[in-house]
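Remarks on the structure that follows.
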Amino acid sequence: MCARYLGFVLLIWFAGVTHAQNAKACKAPVLNGGYFVPEEDIYGHDAELTYACDSGLKPVAEGWWATSKCENGKWVDKPQCIDENACLPPTIPHGKYNKAQKGWYKEQSSILVQCDNGYVLEDNRRSTCRNGTWTSLPVCERRKDSCSEPPKISHAVIIHRYQEVFSADSEVKYECEEGYTQKGNNIIVCEHGQWSAGPTCNESSADQGHPASDEDVQPEGGDRRESGAGSGKQPEGGGMGTGHHDPAVSGGQPTGGGRETTGHQGASSSTSDSNNRDSRPMLMNVRFCGARPNIENAAVVEEGPMYLKYQCKSYYKLAGPDTVNCYSDGSWSELPTCEEAFCVVDPARYAGYGLAVTQSEYMREGQEKYFSCTAGDKFIYVRCTNRRLTLGRCCDGYELQLYEYCRRFREPN
């Protein structure tokens with residue numbers, strides 16, 4: 001009886017294993033214009049095959065043969081044969097360009113390269129696929145005024161995704177580990193290839209008492225002194241009910257707070273400090289003000305206990321403070337707006353200038369771009385400045401070497 005039961009369990013187990021293996025297996029790929037080995041109907045998980053293409057074609061990989069692997073029922077680097085004059089996606093360090101949906105580019109296709117922040121193109125931005133290779137691929141050189149990664153500070157982290165290079169005028173923000181107090185400016189700026197001075201994070205003294213709650217935290221650089229200690233009185237205009245602690249209002253506002261400060265930071269006179277607190281609402285945890293302000297074409301990219309930081313969507317620029325604070329009267333500080341920062345390349349308007357565009361295209365403020373011309377294999381240089389387009393002249397490959405000639409702009413009426 002036991003043997004029969006054990007055999008039944010093993011049968012079920014083997015069936016499950018077989019089903020799992022079949023789910024990860026791959027059917028033989030369909031390869032038009034080529035052949036592969038080994039030829040099988042079904043390939044197991046992790047199985048590999050090698051393929052090559054007929055005359056006039058080539059694999060979607062470097063070389064005249066390529067490999068593909070079966071992983072979880074799908075072919076990784078799926079076998080495919082393309083025209084030998086087509087081009088594979090080029091590798092351009094620190095640059096990006098328009099990606100081909102098929103994973104490769106037809107002959108005469110062009111790519112327009114844009115460098116990452118902190119890098120700049122030293123030559124032509126556009127490259128064309130000809131006879132299976134790219135003509136004069138652009139090179140992104142590091143800008144002389146860019147900065148390397150920000151310096152490491154003990155007991156602190158940077159509130160920003162990691163980058164090896166930062167462009168000029170970039171800002172990053174440090175935040176100290178819990179139990180440590182910041183001293184100095186916690187925002188540093190990339191200036192002329194160097195970072196400005198950063199803060200230090202010092203261990204908090206034991207006599208500072210228990211850690212403050214979110215509602216009691218004051219903005220960076222704020223003063224933690226309490227007025228009327230032991231008296232139980234609340235400052236006038238504080239807007240707080242009885243039984244709540246009486247945190248002092250900081251002497252300064254965070255960047256973009258939008259409120260003018262009249263107090264003297266570091267003043268020893270408690271009377272002056274009290275008057276300053278009475279002249280404006282206290283800063284509160286952002287939860288106190290309820291729903292976040294809805295700013296058209298903007299999104300919250302950073303949130304702290306006492307602030308919200310906004311960033312405009314692509315093709316828009318920020319006007320006003322990027323940081324918003326919550327006040328004890330339930331109101332928000334000055335809100336930013338997002339202004340249009342783009343140009344529209346309208347086919348109807350610019351056809352007379354030789355642009356071969358069939359539908360409206362958008363360019364960001366300050367963006368420079370090459371467009372194809374209607375006259376043969378030529379390109380025209382276009383720039384968006386102050387929401388207006390300026391256009392160069394239609395130039396062929398030889399004339400593009402005469403860079404200044406092709407960039408003699410003319411502004412449409």
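I'd like to know if region 109-116 contains one or more residues that are exposed (fewer than 13 other Cβ atoms within 10 Å of the Cβ) and modelled with pLDDT under 90.
The first filter runs over region 109-116 and keeps only residues exposed (fewer than 13 other Cβ atoms within 10 Å of the Cβ), leaving none.
Checked against the condition, which is being exposed (fewer than 13 other Cβ atoms within 10 Å of the Cβ) and modelled with pLDDT under 90, region 109-116 yields no hits at all.
When the residues of region 336-355 are filtered to those that are crowded, with 16+ Cβ neighbours inside 10 Å and of a type in the set (Gly, Ala, Ser), which remaining residue is farthest from residue 316 (Cα to Cα)?
Restricting to residues being crowded, with 16+ Cβ neighbours inside 10 Å and of a type in the set (Gly, Ala, Ser), the top hit is 354.
For region 149-161, check the following and say yes or no: at least one residue is surrounded by 13 or more Cβ atoms within 10 Å (Cβ to Cβ) and charged (D, E, K, R).
yes
If I filter region 396-406 for residues that are modelled with pLDDT of 85 or more and out of contact with any Cys (no Cβ under 7 Å at 6 or more places or on another chain), do I get at least one hit?
Pass one, region 396-406, residues modelled with pLDDT of 85 or more: none.
No.
Under the condition of being in contact with a Pro (Cβ under 8 Å, 6 or more places away or on another chain) and free of Cβ contacts under 8 Å to residues at least 40 places away in the same chain, which residue from region 161-182 is farthest from residue 140 (Cα to Cα)? Before you say what the answer is, go through the steps one by one.
Keep residues of region 161-182 that are in contact with a Pro (Cβ under 8 Å, 6 or more places away or on another chain), which gives 166, 172, 174, 176, 178-179, 182.
Pick out the ones that are also free of Cβ contacts under 8 Å to residues at least 40 places away in the same chain and you get 172, 174, 176, 178-179, 182.
Working: 172: 24, 174: 29, 176: 35, 178: 40, 179: 43, 182: 38 Å.
In this case the residue turns out to be 179.
Select from region 58-97 the residues that are β-branched (Val, Ile, Thr) and under 30 Å from residue 166 (Cα atoms) and write down the one among them that is surrounded by the most Cβ atoms within 10 Å (Cβ to Cβ). Spell out how you get there, then give the answer.
Filtering region 58-97 down to residues β-branched (Val, Ile, Thr) leaves 60, 67, 76, 82, 91-92.
Checking the rest, the ones that are also under 30 Å from residue 166 (Cα atoms) come to 91-92.
Working: 91: 7, 92: 19.
Top of the filtered list is 92.
Just give me the residues in region 22-56 being in contact with a Gly (Cβ under 7 Å, 6 or more places away or on another chain) and either at pLDDT below 90 or not in a loop (DSSP other than H, G, I, E, B) (or both), in sequence order. Give the derivation first.
Restricting attention to region 22-56, the residues satisfying the condition of being in contact with a Gly (Cβ under 7 Å, 6 or more places away or on another chain) are 23-26, 51-54.
Selection gives 23, 24, 25, 26, 51, 52, 53.
Within the bounds of region 87-97, is there any residue that is at pLDDT below 85, outside any strand (DSSP E or B) and farther than 30 Å from residue 200 by Cα? Give the steps one after another, and end with the answer.
Just the residues of region 87-97 that are at pLDDT below 85, to begin with: none.
The answer is no, given that none of the residues of region 87-97 is at pLDDT below 85, outside any strand (DSSP E or B) and farther than 30 Å from residue 200 by Cα.
Could you grab me the full set of residues in region 354-393 that are among the basic types (Lys, Arg) and touching a helix residue (DSSP H, G or I) at 6+ places or on another chain (Cβ under 9 Å)? Before the answer, list the steps.
Restricting attention to region 354-393, the residues satisfying the condition of being among the basic types (Lys, Arg) are 364, 369, 378, 383, 387-388, 393.
Those that are among the basic types (Lys, Arg) and touching a helix residue (DSSP H, G or I) at 6+ places or on another chain (Cβ under 9 Å): 378, 393.
The values are calculated or read from the model by the stated rules, or taken from the named source; none is laboratory data. If you're wondering where the values come from, they're calculated on a predicted model, not measured in any experiment. Ideal geometry is used to build each Cβ from the backbone, glycine not excepted, and the neighbour counts take in all protein chains shown.
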